[in-house]
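The values are calculated or read from the model by the stated rules, or taken from the named source; none is laboratory data. Keep in mind it's a predicted model, so treat the numbers as computed, not measured. Every residue, glycine among them, receives a Cβ derived from its backbone with ideal geometry; neighbour counts consider all protein chains shown.
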Amino acid sequence: MNRKALWVSVAAVLVGLLLLVVYQRQFERETSGGPKIRILFAVNDLVSGEALQAAKLGFREIPEAYLEDRHIRQSDMNRVIGVQMATAVRANQALLWTDLATTSSGRRDLSLLVRTGMRAVTIRADSTSSFSGLIRAGDRVDVLATMSRTNGEGERVTLPLLQNVLVLAAGSDLGGEQAAAQPGGAASTTAGSAQPRTDVTMITLTVSLEEGALLVFAQDRGRLSLVMRNPDDINMIEGLPETTMNNLIQSRDQQQQRVRGTPAPQPQRIENITGAR
């Protein structure tokens, strides 16, 4: 009986140690950003129009949490060897899909800009979603959807749909130096004018297949809006609520309350000084 209890105790200790090791490894992965992913970087300076060579490329490891769609993984190295550079990249900088052109003329091929496992989906864009034509390939955006809560014409809500989404194309502009030379490109302006183009009617995003289906459905049911992000901001906000008319009313009431709670400024007294006669 004592021997059986001893074996049970030993087994319990071993299971506890195993669970502790698993927990520690999971905790280390979460705090370090997840498993390491190998991405390509430039060993030497790369100039625009130069064909990529294996000798000029190296790899470094970054946590999965910091991996962006623009990064080129080491496993995709064979896809980029011989491809021309559309922009210059300095030594020790990461090589991005948006840095590449796919033909000798510098024109980009959309399909080759889509990372393996991802998809490209195009959404309609008005002047607001295209930021009056200022949005560019390589920008990162959040996607908001405004639609009715039910199938009918009920209460409309705005939902945070997707975050930190890469823009692959703005209209027909896929980025790169040659995009400016295309009709209607980023630098297509009237003589002596520095105004950017404003004719962007479609925005192409890179998403997963599930996210693409979500975007297509949401656009069919309502209106999509894009919110611009800083390209270095990769933080994802969890638990974002939907926005309804009640939120607007509550925000207005809070603003009015703050205004009422502010003491009214005292009128200044103006003394009438009359000089002696």
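Among the residues of region 45-66, the ones that are in a loop (DSSP other than H, G, I, E, B) and either charged (D, E, K, R) or modelled with pLDDT of 90 or more (or both) come to 2 in all.
Residue-level check: of (1) more than 20 Å from residue 127 (Cα to Cα); (2) at pLDDT 75 or above; (3) among the aliphatic types (A, V, I, L, M), residue 202 misses just (1).
In the set (1) surrounded by 14 or more Cβ atoms within 10 Å (Cβ to Cβ); (2) touching a strand residue (DSSP E or B) at 6+ places or on another chain (Cβ under 7 Å); (3) among the aliphatic types (A, V, I, L, M), the condition left unmet by residue 134 is number (2). The residues of region 122-141 that are within 13 Å of residue 224 (Cα to Cα) and not in a loop (DSSP other than H, G, I, E, B), listed by number, are 122, 123, 124, 141.
With the structure loaded, tell me whether residue 84 is over 17 Å from the mean Cα position of the chain (by Cα), surrounded by 13 or more Cβ atoms within 10 Å (Cβ to Cβ) and modelled with pLDDT of 80 or more or whether it fails that test. Let's see the steps before the verdict.
Details: over 17 Å from the mean Cα position of the chain (by Cα): yes; surrounded by 13 or more Cβ atoms within 10 Å (Cβ to Cβ): yes; modelled with pLDDT of 80 or more: no.
It is false that residue 84 is over 17 Å from the mean Cα position of the chain (by Cα), surrounded by 13 or more Cβ atoms within 10 Å (Cβ to Cβ) and modelled with pLDDT of 80 or more.
For region 13-27, check the following and say yes or no: at least one residue is among the basic types (Lys, Arg), out of contact with any Ser or Thr (no Cβ under 9 Å at 6 or more places or on another chain) and under 30 Å from residue 113 (Cβ atoms). Walk me through it before giving the result.
If we filter region 13-27 for residues that are among the basic types (Lys, Arg), which is where we start, we get 25.
Imposing the further condition that a residue be out of contact with any Ser or Thr (no Cβ under 9 Å at 6 or more places or on another chain) reduces the set to 25.
Narrowing the set further to residues that are under 30 Å from residue 113 (Cβ atoms) leaves none.
No, region 13-27 contains no residue that is among the basic types (Lys, Arg), out of contact with any Ser or Thr (no Cβ under 9 Å at 6 or more places or on another chain) and under 30 Å from residue 113 (Cβ atoms).
In this structure, does residue 4 turn out to be modelled with pLDDT of 80 or more, charged (D, E, K, R) and not assigned by TED's automatic domain parsing to the domain that holds residue 141? Answer is no for this residue. Scan region 202-211 and give yes if some residue there is part of a helix (DSSP H, G or I) and more than 17 Å from residue 146 (Cα to Cα), otherwise no. Yes, that holds for at least one residue. Of everything in region 233-255 that is over 27 Å from residue 149 (Cβ atoms) and of a type outside the set (D, E, K, R), the residue that is modelled with the lowest pLDDT is 234. Residue pairs whose Cβ atoms lie under 7 Å apart, separated by 6 or more positions or on different chains, with the first residue in region 55-78 and touching a residue at least 60 places away in the same chain (Cβ under 8 Å) and the second part of a helix (DSSP H, G or I), are 70/97; 70/98. Is it true that residue 225 is surrounded by 10 or more Cβ atoms within 10 Å (Cβ to Cβ), among the polar types (S, T, N, Q) and touching a Leu at 6+ places or on another chain (Cβ under 8 Å)? Judged against the criteria, residue 225 is a match.
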